[in-house]
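Report on the following structure.
Here, each number is a calculation from the coordinates, and none is a lab measurement. Note that this is a predicted model, so its numbers are computed, not measured.
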Amino acid sequence: MFRLQGSKVLAVDMTGDAVKAKNGSMVAYDGQMTFKKLSGGGEGLRGMVTRRLTGEQMTVMEVKGHGTCWFADRASEINLVELQGDKLYVESSNLLATDAGLRTGTTFTGLRGASQGNGLFTTTVEGRGQAAIMSDGPAVVLRVSAQYPLTVDPGAYIAHQGNLRQSFQSGVTFRTFLGEGGGEAFQIRFEGDGLVYVQPSERNTIAGDV
């Protein structure tokens with residue numbers, strides 16, 4: 001159902017089914033489509049409370065119909081992730097679209113969210129189906145294993161999946177070497193077994209500085 005046309009446009013072929021996508025990301029469609037605006041960032045009461053706490057207004061639309069719909073957002077690179085009943089943790093600003101059957105929610109991220117100014121929660125996507133995530137530049141998928149834990153600069157982090165433990169530690173970030181650091185820098189450390197998605201361009205936030 002999901003396929004890429006180039007690296008920056010997502011094509012979704014629908015035969016009466018639906019897809020959830022970032023509001024305003026539709027660039028073209030053929031056939032018969034209906035569009036419905038949804039509240040995003042979480043489902044149910046918890047999602048509403050979360051958005052009030054964080055001030056996030058992640059708006060999502062449901063597209064349903066017969067034909068092909070194309071999505072893109074600010075010429076970002078798009079990466080397809082196949083979920084087999086597992087859970088994907090992704091920054092809300094990096095989530096472009098999901099199969100309608102996938103459940104989206106929110107989870108507490110602690111220090112990283114607060115320091116980035118993105119709120120204290122990140123988006124979760126769970127179930128069986130496909131999700132499309134965005135990156136500033138081609139994303140790199142890094143494997144984490146018991147023998148090889150991974151340390152990531154917060155500004156480069158996009159998403160992760162698998163059986164991973166996440167912790168925060170003080171340390172030198174890439175920004176420090178460029179003379180752009182201010183305050184105490186920190187990094188995200190992943191241990192366990194899973195995948196971490198990183199982008200080659202860091203967000204324009206205070207990401208790694210507390």
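Derived scalar couplings between HN and Hα for region 163-168 equal 8, 10, 9, 10, 9, 10 Hz in order, rounded to whole Hz, by the Karplus curve 6.51 cos²θ - 1.76 cosθ + 1.60 (θ = phi - 60°), x for Gly and Pro. Of all lysines in the structure, the ones whose alpha carbon falls short of 18 Å from that of LYS64, not counting any fewer than 8 places away in one chain, are LYS20, LYS22, LYS36, LYS37.
In a fully extended conformation the segment linking LEU4 and ARG143 would gain 47.7 nm over its present Cα-Cα distance, using 0.36 nm per residue.
Which of the three applies to region 1-40, rounded, prolate or oblate, going by the alpha-carbon gyration tensor with a ≥ b ≥ c and a/c under 1.5 meaning rounded? Here region 1-40 falls in the oblate category.
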